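Student: Got a structure here, written out as structure tokens. Questions coming.
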Amino acid sequence: MRRLLDQVKEKEQADEARKRMEASRSRAEQKLKGGKVNLLYWVASEKEKDALTSYNKNDFSSAETLYNILSRVYESSPEAGGEEAGLQKLRSMA
């Protein structure tokens, strides 16, 4: 029973992290100039698939971690500019 309750809690945390990530993505889309997608935005959007895969496999803690990281990447994307600046941002986040 305890394990089931822990899994429910992990799922709820992953859901909250996904909501924050989606809000970050929405803000980034609004800030990006002319809807032009840069490297950071593209990387984050591609990695969303990995987070969803983890979520669908009931690996909620991994999904939560990915959603939290993706939220930070989306938040950084409007300031990143070109590819070189985007790579530098990713390096500094790592």
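What follows draws every value from the coordinates through simple rules; no lab data is involved. All of these numbers come straight from a predicted model, not from anything done at the bench. Methodologically, a virtual Cβ is constructed for each residue, glycine included, from the backbone with ideal geometry; neighbour enumeration extends over all protein chains shown.
Student: In degrees, nearest 10, range 0 to 90: what is the angle between the Cα axis of helix 39-56 and the longest Cα principal axis of the chain?
Tutor: 10 degrees
Student: From the phi angles alone, apply the Karplus equation (6.51, -1.76, 1.60; θ = phi - 60°) to the stretch 13-18 and give each ³J(HN,Hα) in whole Hz, x where the residue is Gly or Pro.
Tutor: The phi angles translate into 5, 5, 4, 5, 5, 5 Hz.
Student: Note down the net charge around ARG25, summing +1 for each Lys or Arg and -1 for each Asp or Glu among other residues with Cβ under 12 Å from its Cβ.
Tutor: Every neighbour counted, the sum reads +3.
Student: Between GLU22 and LEU90, what's the calculated FRET efficiency when r is the beta-carbon distance and R0 is 30 Å? Round to 0.05.
Tutor: Computed FRET efficiency for GLU22 and LEU90 comes out at 0.90.
Student: List the trypsin sites (Lys or Arg not before Pro) in the stretch 45-86 that DSSP assigns to loop (not H, G, I, E or B) and whose Cβ has at most 10 other Cβ atoms within 10 Å. Which are they?
Tutor: In loop regions of the stretch 45-86 (DSSP not H, G, I, E or B), the sparsely surrounded trypsin sites (Lys or Arg not before Pro) are LYS57.
Student: Computed FRET efficiency, Cβ-Cβ of LYS11 and LYS47, R0 30 Å: what is it to the nearest 0.05?
Tutor: Efficiency for this residue pair is about 0.90.
Student: Describe numerically, in nm with one decimal, the distance between label points set 7 Å from Cα along Cα→Cβ at LYS33 and at MET1.
Tutor: 6.0 nm
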